[in-house]
Amino acid sequence: MSNYEALLNYHPSVKGFFDPATNTISYVVADDASKRCAVIDSVLDYEPESATISCKSADQLIKHIEENAYHVEWILETHVHADHLSAAPYIQERLGGKIAISEKILDVQETFGKVFNEGTEFERDGSQFDRLFKDGDEFSIGDIPVLVIATPGHTPADITYVVGDAVFAGDTLFMPDYGTARVDFPGGSAEDMHASAQKLFTLPESMRMFMCHDYLPEGRTDYLFETTVGEQKRTNVHLNKDTTLQAFASLRKKRDETLGMPRLIIPSLQVNMRAGHIPKDQETGAEFLKIPVNSVFSKSKM
């Protein structure tokens, strides 16, 4: 469906679930008429001090889905998250659905396969996922059409899902009063993010836009996760319709230099590049994570 205006005729129900440990908002997006739904950017709870995993956050989504008698068609990732582990396999095992991400996952797997010294048993072809989307792909949730837009910048594998009149842009844009995501990860690019934002600004201004994170900028006391394309286009404090590439690149460089690494980046990337599966020892089956020392995660290496 190339006609953006036609998407305004579809109004999916959207339920957000905020995870305070990672400031992540996961979503259940549904076509209430057909009782079909998708889960977007789910969270698996991980306690780094004891290296333990639980499913409290994912169970909240599952409860909502079961209470509404929804059937899960898709479990969608907007990108390979660096701040939380995906609960996609857990939700799939409980409720079904296809796990999907951008086709650029291959670039991420190649980069971090080397960082984590993964052996030949780690496939770098995206086969851990059920579907790899490319820019312009179309699918549906029930009877609601979905358009995929490639929006690289934060990472090379960021994509946006336009589900009827609801836009899920991952980490490309935050709430207008907070700005944009960092671009200093491997494969990140201020130029790409600026171009991606311009693509999103061509969507109808009345479309709802849902955030993957919120971090309470100074002066705001409530977490927010919904805005509109028009508000982003006019008022985003980092990147709006009037922001030049030079100004944005300069702002992003200065800001990124002040940021530390996400608390869960090392476990998150290992798990999420595997579609949410925990790495296992080939002989014993034991689950484990690696910690590369003085690697790309050191600010001096970036």
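The values are calculated or read from the model by the stated rules, or taken from the named source; none is laboratory data. As the structure is a computational prediction, the values presented were derived from the model and not from experiment. Cβ: placed from backbone, ideal geometry, glycine included. Neighbour counts: every protein chain shown.
Being in a strand (DSSP E or B) and touching a Gly at 6+ places or on another chain (Cβ under 9 Å) narrows it down to one of Ile91, Ile25, so name that one.
That would be Ile25, the only listed residue that is in a strand (DSSP E or B) and touching a Gly at 6+ places or on another chain (Cβ under 9 Å).
Only one of (1) aliphatic (A, V, I, L, M); (2) in contact (Cβ under 8 Å) with a residue 24 or more places away in the chain; (3) more than 24 Å from Val148 (Cα to Cα) fails for Ala247. Which number is that?
Of (1) aliphatic (A, V, I, L, M); (2) in contact (Cβ under 8 Å) with a residue 24 or more places away in the chain; (3) more than 24 Å from Val148 (Cα to Cα), only one is false for Ala247: (2).
Residues that are touching a residue at least 24 places away in the same chain (Cβ under 8 Å) and under 18 Å from Ile265 (Cβ atoms): does segment 136-154 have at least one?
yes
So, in segment 235-249, of the ones that are of a type in the set (Ser, Thr, Tyr) and assigned to a loop (DSSP other than H, G, I, E, B), which residue ends up farthest from Phe174 (Cα to Cα)?
Across segment 235-249, the extreme among qualifying residues is Thr244.
So which residues in segment 269-288 are modelled with pLDDT of 90 or more and either in a loop (DSSP other than H, G, I, E, B) or in contact with a Ser or Thr (Cβ under 8 Å, 6 or more places away or on another chain) (or both)?
Filtering segment 269-288 for residues modelled with pLDDT of 90 or more gives 269-279.
Val271, Asn272, Met273, Arg274, Ala275, Gly276, His277, Ile278, Pro279 - these are the residues of segment 269-288 that are modelled with pLDDT of 90 or more and either in a loop (DSSP other than H, G, I, E, B) or in contact with a Ser or Thr (Cβ under 8 Å, 6 or more places away or on another chain) (or both).
For segment 243-260, does any single residue satisfy the condition of being within 18 Å of the chain's Cα centre (by Cα) and of a type in the set (S, T, N, Q)?
No, segment 243-260 contains no residue that is within 18 Å of the chain's Cα centre (by Cα) and of a type in the set (S, T, N, Q).
Which residues, taken from segment 95-136, are assigned to a loop (DSSP other than H, G, I, E, B) and among the hydroxyl-bearing types (Ser, Thr, Tyr)?
Thr120, Ser127
Residue check, Ala87 against (1) within 17 Å of the chain's Cα centre (by Cα); (2) farther than 23 Å from Asp59 by Cβ; (3) of a type in the set (A, V, I, L, M), all met but one. Which one?
Status for Ala87: all satisfied but (2).
Out of the residues in segment 258-279 that are more than 28 Å from Val28 (Cα to Cα) and touching a residue at least 12 places away in the same chain (Cβ under 8 Å), state the one that is surrounded by the most Cβ atoms within 10 Å (Cβ to Cβ).
Across segment 258-279, the extreme among qualifying residues is Met261.
Anything in segment 148-165 that is over 13 Å from Val80 (Cα atoms), in contact with a Leu (Cβ under 9 Å, 6 or more places away or on another chain) and aliphatic (A, V, I, L, M)? List them, or say none.
Across segment 148-165, the qualifying residues are Ile149, Val162, Val163.
Would you tally the residues in segment 54-81 being aliphatic (A, V, I, L, M) and assigned to a helix (DSSP H, G or I)? Reasoning before the result, please.
Step one: of segment 54-81, the residues aliphatic (A, V, I, L, M) are 58, 61-62, 65, 69, 72, 75-76, 80.
Now narrow it down to the ones that are assigned to a helix (DSSP H, G or I): 58, 61-62, 65.
Result for segment 54-81: 4.
Specify the residue that is farthest from the chain's Cα centre (by Cα); the eligible residues are those in segment 7-22 that are in a loop (DSSP other than H, G, I, E, B) and of a type in the set (S, T, N, Q). If you could, list the steps in order and put the result at the bottom.
Quick first cut of segment 7-22, residues in a loop (DSSP other than H, G, I, E, B) only: 8-12, 20-22.
Within this subset, residues satisfying the condition of being of a type in the set (S, T, N, Q) are 9, 22.
Values: Asn9: 25, Thr22: 13 Å.
Ranking the candidates gives Asn9 first.
Of the conditions (1) within 13 Å of the chain's Cα centre (by Cα); (2) of a type in the set (Ser, Thr, Tyr); (3) farther than 25 Å from His213 by Cβ, Ser140 clears all except one; give me its number.
Failed condition: (1).
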